[in-house]
Every structure is written in C-alpha cells, then in structure tokens.
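In what follows, a single structure is set out as structure tokens and then discussed.
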Amino acid sequence: MSFFDDLPEQPARPRQPQPVQPGWFGPPSDELPGVARVGGFVHKSTRMVVVLKLVEVYSTGCLLDLVWSVRRGDESDQEWREIVEESYNHPRSSIDTRTGLEIGVALADGRKAVAAIHGPSAFEDADDVAGPVLTTLGGGGGSNNSEFAQFTGRYWLWPLPMEDTTLVARWQALGIPESSLVLSGEQLGEALGQVRKYWSD
C-alpha cells in the first residue's frame with residue numbers, strides 16, 4: 001500500500017459558472033491569435049524610439065505590443081536617473097491620461113480612443129459600451145543601464161478595426177511630439193483569418 005492511498009478525499013465543490021467578460025475587457029482567453037505584421041516606428045529620433053512590434057489579432061479586438069527605448073546623451077548621472085524613472089511610465093490615474101506616454105487610436109470613421117488604465121466599467125454602464133475602447137494592459141518588463149533604457153507596454157483595442165487605423169503617441173516629458181503609424185486594415189483582416197479557438201463544440 002502506498003503512503004498516499006488512505007488519505008481522505010476532498011469533498012466535491014459545486015462548479016461555479018464563470019461570468020462572461022465584455023469584449024472591451026481584454027483578449028478572449030480561449031483563442032490563439034493571428035499575428036498582423038503591421039509593426040513599425042511610431043516615433044524615431046536620434047535619442048528615442050517608440051516601436052509597434054506586432055499586433056495580436058483576436059475575434060473581438062487586437063493587442064498592440066509597444067516598445068520604447070531611450071539612448072543616453074550627455075546627461076549627468078542624476079539627469080539620466082530621472083529619464084530612466086520617467087521611462088518606466090508608471091501607471092497613472094485613468095482619468096488623467098495626459099501624463100507619461102500617451103497612446104491613442106483614430107479610426108477611419110472619425111472615432112478615437114485614448115488609452116486608460118481602467119476600462120469603461122469604472123465610469124459608465126458596462127453593458128452599454130459602443131467603443132472604440134483602448135485599455136492599458138500593463139507592461140511586459142524592461143531594462144536599463146548607464147547608456148539606454150528600454151521598456152514595453154501592451155494595449156487592448158476593442159472592437160477590432162477592419163479599416164486602416166492610426167496609432168498615435170506623445171510623451172511630452174521625454175520630448176516626443178505627437179507621432180503616428182497607420183495600421184493596415186487589410187493586414188488586420190488577414191490576421192483575423194488566422195485566429196483559432198482552443199475548444200470546438
């Protein structure tokens with residue numbers, strides 16, 4: 001007999017139905033996304049870049065994967081430490097989006113959205129959201145040393161735009177003017193065709 005054979009069984013627990021998350025909340029948890037290779041420079045200068053690496057496309061929206069990198073110039077150690085601290089882009093209030101890295105999208109029909117930390121549920125009826133919604137999903141990490149600082153962030157855009165969409169960035173504290181990159185609606189549509197569900201009914 002094994003040592004573990006006579007341990008008491010755990011009592012059965014009733015299965016709790018999981019609430020259905022609205023589309024603007026984030027990517028579906030049961031999909032393998034398609035990848036749209038629409039990446040490029042949102043901003044590029046001799047000292048700093050903001051790069052869209054790739055876009056993960058889901059049936060309901062898309063995940064924008066951004067990187068920003070700053071190269072040290074002739075700053076003193078203290079000045080460089082301040083730049084690195086700013087580059088972390090720590091979360092701010094979702095009401096005050098005009099600090100740190102500002103990210104937004106402009107749709108072909110004239111609608112636009114600016115990235116915030118919280119989704120619409122914090123400010124309006126969660127069941128009556130028309131979109132577009134751009135939500136900050138957090139950073140994926142970063143690194144820095146005495147010569148450069150580089151960090152990443154992810155942004156969820158809902159619903160999935162099927163026409164050309166302009167990604168807009170600005171970072172006043174780091175001297176980045178309003179800059180933009182056009183995301184191809186055709187490429188987003190092609191990536192949508194690559195989406196696969198984890199489970200089939």
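Here, each number is a calculation from the coordinates, and none is a lab measurement. Everything quoted here is computed from the prediction, not taken from an experiment. Here Cβ is always computed from backbone atoms with ideal geometry, including for glycine, and neighbour counts include all displayed protein chains.
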Compute the relative contact order of the chain as a whole-number percentage, counting only Cα pairs closer than 8 Å that sit 6 or more residues apart in sequence. 27
Return the sequence-ordered ³J(HN,Hα) values of the range 170-185 in whole Hz as given by the Karplus equation 6.51 cos²θ - 1.76 cosθ + 1.60 applied to θ = phi - 60°, using x for Gly and Pro. 7, 9, 5, 5, 9, x, 8, x, 4, 9, 8, 9, 8, 8, 6, x
Label selected from (1) 214; (2) 222; (3) 123, the criterion being volume of the Cα convex hull per residue in Å³ as computed here: (1)
Tell me, what is a quarter of the convex hull surface for the C-alpha atoms of the range 158-201, in nm² with one decimal? 4.9
Sort the following peptides by mean Cβ neighbour count (other Cβ atoms within 10 Å, averaged over residues), highest first: 73-85, 172-184. 172-184, 73-85
